[in-house]
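Undergrad: One structure, pasted below without further comment.
The values are calculated or read from the model by the stated rules, or taken from the named source; none is laboratory data. Everything numeric in this text was worked out from a predicted model, so none of it was measured. As a convention, Cβ positions derive from the backbone with ideal geometry for all residues, glycine included, and neighbour counts pool all protein chains shown. Each accessible area value is taken on the protein alone, full model and side chains, heavy atoms only, with ligands, DNA and RNA left out. Shrake-Rupley method; radii C 1.70, N 1.55, O 1.52, S 1.80 Å.
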Amino acid sequence: MTTLHLLLFLLMACGRAQNSKLAKASPTEEKLSFSAAQTGKSSTSFPLIHINAKCSPFRNSNSTLLTTMLDSIKGDVQRYRAITRVATRFTIQEDTDVPLTSKSGDYIINLGFGTPQQSFYMSLDTGSDISWIPCALCTDCTGNIFDPSNSPTFQFLSCSSETCQALGSTPNCGNYNCSITQTYGDGSEVKELMSTDSLAVGSQSMPDFIFGCAKARTGLITSTPGLVGFGRDSLSFLSQTANLFQETFSYCLPSPESTGCLALGKAALSSPGLQFTSLLSNDANPSFYYVGLNGISVGEDLVDVPAIDQSSGDGTIIDSGTFITRLVEPVYGSVRDSFVRQLSNLSRAASYSIFDACFNFPPGDVEVPQMTLHFDNNVDVALQQINVLIPVDEQGSVQCLAFAPPPGDPSVSMVSILGSYQQHNFRVVYDIPGSRLGIAPESCDG
């Protein structure tokens, strides 16, 4: 199977599911054997699929490998710029232009809202906090829409509520419903009425989950079915379900001919072969997940990643919503030059999109330098070839190094982001109470 076919499966195919400053439709759900009476907590696991997978209801029938890839890369540019822009992330005012983040991510899960529950696919985003779904009061929303009138447990939050007051500067809206606008880095907007209702997660259920009931969407965000925020803010999915899942989760992004798997709860810590590095937090960007990336090996060459004062928001973030890993300079340039030097037996191809190290690949197997990421606590993660190279033509005869420098002026960018392409075929565990990130190879095949 060529690397092109591997990427095509990763992006388009879908099969079966498997089971601080520095501080610290519905798919079948699988309930893990974990007794609430014994632990007082719960664990659950269910499928995680690509939004353009063949079994996804949101797949664009006209999409191809290249158009899907280019769309993801385009979203990456906006997302990077938004992540590195330290600003207020939401506002009570209706007419605003406050940057948040863009491109909510390529992977979706299924959750239930209301009583009785209405099922929704939602984009999983480790870089966002407030979850939202399109509601019946939305005049320009299409597809699956939540109808509050069918759920007697639904309530709008008032502007005078403690939650609404905490969302921004003192609101001047009397006793009206709590209304916010989330503005994304690409100019997209979602206008929402903050609400509460019952949330179903697999076989678990919790009352009074706080989320946004979307009443209007503009821009590229209109293609997002809804969003579940896995960030670290008090209104994120993780924080609100902490009593159930103890702010612990893991995912395995899809391998060829399979879906991925999202696991919630402490059972996620039992995956075999996990290595744990420190999971860091940052006061400048408190919702994001920082890690200590110390170096990158390319074959026998070691490229050091210098320590950075992350109190300003700089450092290395691991993110499910970013597609391609961005490395700050001079790290990226050193990694690229070493890789090019060790593939001198291949002829160079023209640069493609954000990729400036491309090669003409002959038929058959080609040996490429082993690339390894070195993290805090002596954790070394050896990437597979499909994490290192990306095909940029239909035949797979031209492949590029699947890393890039920051967009814009790389000399002033001090944030590296580990994207989903480099996380494919790994189990990644977020243990927030333990302030650690676990990583282990996993094929994700069912």
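Undergrad: Report yes if A357 is among the aliphatic types (A, V, I, L, M) and open to solvent by 20 Å² or more (accessible area, probe 1.4 Å), otherwise no.
TA: Taking the combined requirement at face value, the residue does not satisfy it.
Undergrad: Can you tell me which residues in the range 30-52 are modelled with pLDDT under 75 and either aromatic (F, W, Y) or crowded, with 20+ Cβ neighbours inside 10 Å (or both)?
TA: F34
Undergrad: If the Cβ limit is 7 Å and pairs must be 6+ apart or interchain, which residue in the range 183-201 that is closer than 17 Å to E162 by Cα and at pLDDT below 85 pairs with which residue that is open to solvent by 10 Å² or more (accessible area, probe 1.4 Å) and part of a loop (DSSP other than H, G, I, E, B)?
TA: none
Undergrad: Filter the range 405-436 down to residues that are under 14 Å from C252 (Cβ atoms) and either open to solvent by 20 Å² or more (accessible area, probe 1.4 Å) or in a strand (DSSP E or B) (or both), then give me how many there are.
TA: Qualifying residue count, the range 405-436: 5.
Table: residues versus (1) open to solvent by 10 Å² or more (accessible area, probe 1.4 Å); (2) out of contact with any helix residue (DSSP H, G or I) (no Cβ under 9 Å at 6 or more places or on another chain).
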residue: R232; (1), (2): yes, no
residue: S239; (1), (2): yes, yes
residue: T277; (1), (2): no, no
residue: P306; (1), (2): yes, no
residue: D309; (1), (2): yes, yes
residue: S312; (1), (2): yes, yes
residue: L327; (1), (2): no, no
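Undergrad: If you don't mind, there's one more thing I want to ask. What is the one condition in (1) open to solvent by less than 50 Å² (accessible area, probe 1.4 Å); (2) among the hydroxyl-bearing types (S, T, Y); (3) in contact with a Leu (Cβ under 9 Å, 6 or more places away or on another chain) that S271 does not satisfy?
TA: Going through the list (1) open to solvent by less than 50 Å² (accessible area, probe 1.4 Å); (2) among the hydroxyl-bearing types (S, T, Y); (3) in contact with a Leu (Cβ under 9 Å, 6 or more places away or on another chain), S271 breaks only (3).
Undergrad: Looking for whichever is crowded, with 23+ Cβ neighbours inside 10 Å and over 21 Å from the mean Cα position of the chain (by Cα) here; the options are Q399, Q385. Which one fits? Walk me through it before giving the result.
TA: Working: Q385 fails: crowded, with 23+ Cβ neighbours inside 10 Å.
Step by step, each of Q399, Q385 is checked, and only Q399 is crowded, with 23+ Cβ neighbours inside 10 Å and over 21 Å from the mean Cα position of the chain (by Cα).
Undergrad: Looking at the range 361-372, is at least one residue open to solvent by 10 Å² or more (accessible area, probe 1.4 Å), within 15 Å of L327 (Cβ to Cβ) and either at pLDDT 95 or above or in a loop (DSSP other than H, G, I, E, B) (or both)?
TA: Yes, the range 361-372 contains a residue that is open to solvent by 10 Å² or more (accessible area, probe 1.4 Å), within 15 Å of L327 (Cβ to Cβ) and either at pLDDT 95 or above or in a loop (DSSP other than H, G, I, E, B) (or both).
Undergrad: Of the conditions (1) under 30 Å from Q165 (Cα atoms); (2) in a strand (DSSP E or B), L220 fails just one. Which one is it?
TA: Answer for L220: the failing condition is (2).
Undergrad: Any chance the range 225-245 includes a residue that's modelled with pLDDT of 90 or more and more than 22 Å from A200 (Cα to Cα)?
TA: So far as the range 225-245 goes, no, none of its residues is modelled with pLDDT of 90 or more and more than 22 Å from A200 (Cα to Cα).
Undergrad: Regarding G112, is this residue part of a loop (DSSP other than H, G, I, E, B) and either exposed (fewer than 15 other Cβ atoms within 10 Å of the Cβ) or modelled with pLDDT of 65 or more (or both)?
TA: Here the answer is no, as G112 does not meet what is asked.
Undergrad: Moving to a separate point now. Sort out which residues of the range 102-148 are of a type in the set (D, E, K, R) and under 23 Å from P286 (Cβ atoms), and write them in order of number. Working first, answer last.
TA: Residues of the range 102-148 of a type in the set (D, E, K, R): 103, 106, 125, 129, 140, 147.
Within the range 102-148, K103, D125, D129 meet the criteria.
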